[in-house]
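Derivation of every value follows stated rules applied to the coordinates shown; laboratory data play no part. Note that the structure is a prediction, hence the values are computed from the model and not measured. Positions of Cβ are generated from backbone atoms using ideal geometry, with glycine treated the same way; all protein chains shown enter the neighbour counts.
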């Protein structure tokens with residue numbers, strides 16, 4: 001199984017938590033507040049020289065060996081094209097960048113979720129259905145090592161299983177992350193959203209760790225397509241979600257998705273109060289981007 005070069009970055013969501021008026025804007029300039037309320041999270045300027053979060057995601061992707069990037073944007077995603085190119089196949093620091101648009105169905109106000117975003121991407125770029133590809137969010141900064149691990153694994157499908165205790169977030173926030181359940185060999189059995197305190201202990205892995213998913217996946221496009229297409233709507237959240245599609249695929253193809261264990265923090269831009277923390281992190285860890 002050769003290492004794949006494809007990374008799909010999900011950036012077409014509604015960013016509703018970021019746009020909430022009641023979230024704290026302490027320490028932010030008026031321009032940053034305006035960006036948080038108007039832009040996709042990956043385009044909020046948190047880096048040096050007014051560069052957005054997406055630059056850093058792309059930088060780590062390039063260092064991890066990805067070369068073909070597909071950014072899933074919303075119907076009003078023109079600003080992404082201003083930053084990364086207006087053509088069908090753009091070059092940005094040696095990365096090939098293409099855009100897929102996540103269209104909102106008639107009768108809905110918000111996009112239809114992560115599984116729908118990925119489905120629309122592979123419909124628009126059908127070559128992905130004959131290849132392997134990785135998928136991640138635009139508002140999380142995954143490390144070079146984590147992205148490399150997804151590229152290098154020999155298992156058809158994989159995800160990064162983060163040690164919950166290594167994440168530098170308030171405990172209330174961590175408790176909302178999706179917990180994963182793996183067998184003794186590390187193969188995925190289940191993903192549970194917002195587990196109750198009673199359920200948590202059942203999800204410890206063979207090292208005694210609780211692992212969470214931060215939406216960093218590798219998929220076999222040949223197997224995944226049908227499950228993206230047929231993904232049911234989540235009854236509470238009214239969205240088609242990637243974990244649902246993955247678990248449905250595993251019912252037919254068990255032991256084909258491995259959890260790759262990692263213990264590290266993942267900077268996250270979910271709400272306005274995250275902007276100050278992410279800016280601090282980037283200024284200390286990424287003072288200069290050496291793209292070459």
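Between residue 130 and residue 22, how many nm apart are label points set 7 Å from Cα along the C-beta direction?
5.2 nm
Pulled fully out, how much extra length does the chain show between residue 255 and residue 226, if you take 0.36 nm times their separation in residues and subtract their Cα-Cα distance? Write down the numbers at each step before the final one.
Values: separation 29, 0.36 × 29 = 10.44 nm, distance 1.81 nm.
Difference between extended and current length: 8.6 nm.
Pick the calculated Rg and Dmax of the Cα atoms in Å for this structure from (1) 22.2, 70; (2) 18.1, 51; (3) 20.9, 71?
(2)
So what is the calculated 222 nm ellipticity per residue for the chain, using -39500 (n - 2.57) for each DSSP H run with n of 4 or more, over all residues, to the nearest 500 deg cm²/dmol? Please list the in-between numbers first.
Values: 11 runs with 92 residues, N = 292.
Calculated at 222 nm, the ellipticity per residue is -8500 deg cm²/dmol.
If you average the alpha carbon positions of region 185-231 and of region 247-292, how far apart do those two centres end up, in angstrom?
15 Å
What does the extension gain come out to for residue 238 and residue 145, with contour length at 0.36 nm per residue minus their alpha carbon separation?
On the way: separation 93, 0.36 × 93 = 33.48 nm, distance 3.38 nm.
Length difference between fully extended and current span is 30.1 nm.
Please list 147-153, 10-16, 261-267, 29-35 highest first by mean number of surrounding beta-carbon atoms within 10 Å per residue. Mind showing how you got there, number by number?
On the way: 147-153: 19.9, 10-16: 21.4, 261-267: 17.0, 29-35: 13.1.
Per-residue mean Cβ counts within 10 Å order the peptides as 10-16, 147-153, 261-267, 29-35.
Test of understanding: ordering 127, 22 by Cβ neighbours within 10 Å, fewest first, what list do you get?
Final ranking by Cβ density, sparse to dense: 22, 127.
Quick one: 249, 167, 53, fewest Cβ neighbours within 10 Å first, how do they rank? Walk me through the numbers before you get to the answer.
Values: 249 24, 167 19, 53 27.
Fewest to most other Cβ atoms nearby, the residues stand as 167, 249, 53.
What relative contact order, as a whole-number percentage, does the chain give when Cα pairs under 8 Å and 6 or more residues apart are counted? Could the numbers behind the result be given before it?
On the way: 540 pairs, mean separation 71.3, N = 292.
Over the chain, the number comes to 24 percent.
Return 194, 223 ranked ascending by Cβ neighbour count within 10 Å, so the fewest neighbours appear first. Don't jump to the answer; show the numbers that get you there.
On the way: 194 11, 223 17.
Final ranking by Cβ density, sparse to dense: 194, 223.
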